[in-house]
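See below for the structure under consideration.
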Amino acid sequence: MAAVGAWAASTAFSVGDIRRATTSQASGLWFRCTTAGTSASSEPSWPTDIGSTVTDNTVVWTAISSVYEDVSVLAPSAIIELFELQLDNTLHGSTDVYRFHAGSNANVTGNIVFDGNAYTRFPVQADGFEMRSGGTLPQPTLSIANLDGTMTTLLALVNATTTGNDLTGATVRRIRTLKRYINRKAAETRDVVTFELASEFDLAGQKLPKRQIVANTCQWIYRSSECSYTGSNYFDVNGNSVSTLAQDVCGKRLASCKLRFGENGTLPFGSFPGAGLTR
């Protein structure tokens, strides 16, 4: 099974020809020739909605789903899922990419070549990729056969770089979906290793805002791009006027900011003066 070919410049296309963009498209769409002709010398700006068209010199392309050909030939349950496991050099000591596919649901017994990359047939099962309009984000699982110890060997290698990592922080890509990230190893036995995956939109542990809310102490570095003060009015830490830049020290107070930018000026005060005023 080979990937759909990329668009080419100054090329004759017939009705029914299907091509993809020469670079990865966030929409994941392919494009069917609906008016025969010759393509332009430069690639068109591809549409992002199924059914939309674009004129390419004398060719007209119509956007279609990237799984169109599979669905038209096989039952929907036979769509092949391709997976990529990308390691992180800092966490795992390598940037290797492992590519594989289950294959059994379409009776594919060998490797699949897609977009120039070979995907090895390997016993793998992915569940829980449903889309939700509310509630918590889904936490899909990826189970990979471990009968020959391949996954145990891989885990041992990455854990040698980061103890107990178990591939946390690696990137999993499911070709027909968005990128997912390994959240934790859910189970490991002699026969199978199961990973719980996290969506890239999962922001657990993140803080808003990123910096701590402090009411009366400016957090910017004085005379930095954040502070933005470049004037020649100099004051010491207590707000007393001094004569040289070497003596100039910001007191990190709102009053210090007003001395430099004016009582009624716009103050780039790097803190939250209103914090604690309401209950």
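Cβ separations smaller than 9 Å between residues 6+ apart or across chains give the following pairs from region 28-55 residues that are touching a residue at least 12 places away in the same chain (Cβ under 8 Å) and of a type in the set (Asp, Glu) to residues that are surrounded by 14 or more Cβ atoms within 10 Å (Cβ to Cβ) and in a loop (DSSP other than H, G, I, E, B): Glu43/Trp7; Glu43/Ala21; Asp49/Ser27; Asp49/Leu29. In this structure, Val193 does not qualify as surrounded by fewer than 17 Cβ atoms within 10 Å (Cβ to Cβ) and either at pLDDT below 85 or not in a loop (DSSP other than H, G, I, E, B) (or both). In region 235-273, the residue that is farthest from the chain's Cα centre (by Cα) out of those that are part of a loop (DSSP other than H, G, I, E, B) and hydroxyl-bearing (Ser, Thr, Tyr) is Ser243.
Quick check on my filter: what residues within region 250-267 are within 22 Å of Val214 (Cβ to Cβ) and exposed (fewer than 15 other Cβ atoms within 10 Å of the Cβ)? Ala255, Gly265, Thr266 - these are the residues of region 250-267 that are within 22 Å of Val214 (Cβ to Cβ) and exposed (fewer than 15 other Cβ atoms within 10 Å of the Cβ).
Gly128 meets all of the listed conditions (1) over 25 Å from Thr23 (Cβ atoms); (2) surrounded by 13 or more Cβ atoms within 10 Å (Cβ to Cβ); (3) modelled with pLDDT under 85 but one, namely (2). Got at least one residue in region 168-183 being surrounded by fewer than 16 Cβ atoms within 10 Å (Cβ to Cβ), modelled with pLDDT of 90 or more and not hydrophobic (A, V, I, L, M, F, W, C)? No - not one qualifying residue is present in region 168-183.
The values are calculated or read from the model by the stated rules, or taken from the named source; none is laboratory data. Worth saying up front: this structure is predicted, and the values here are computed from it rather than measured. For neighbour counting, all protein chains shown are included, and Cβ atoms are generated from backbone atoms with ideal geometry for every residue, glycine included.
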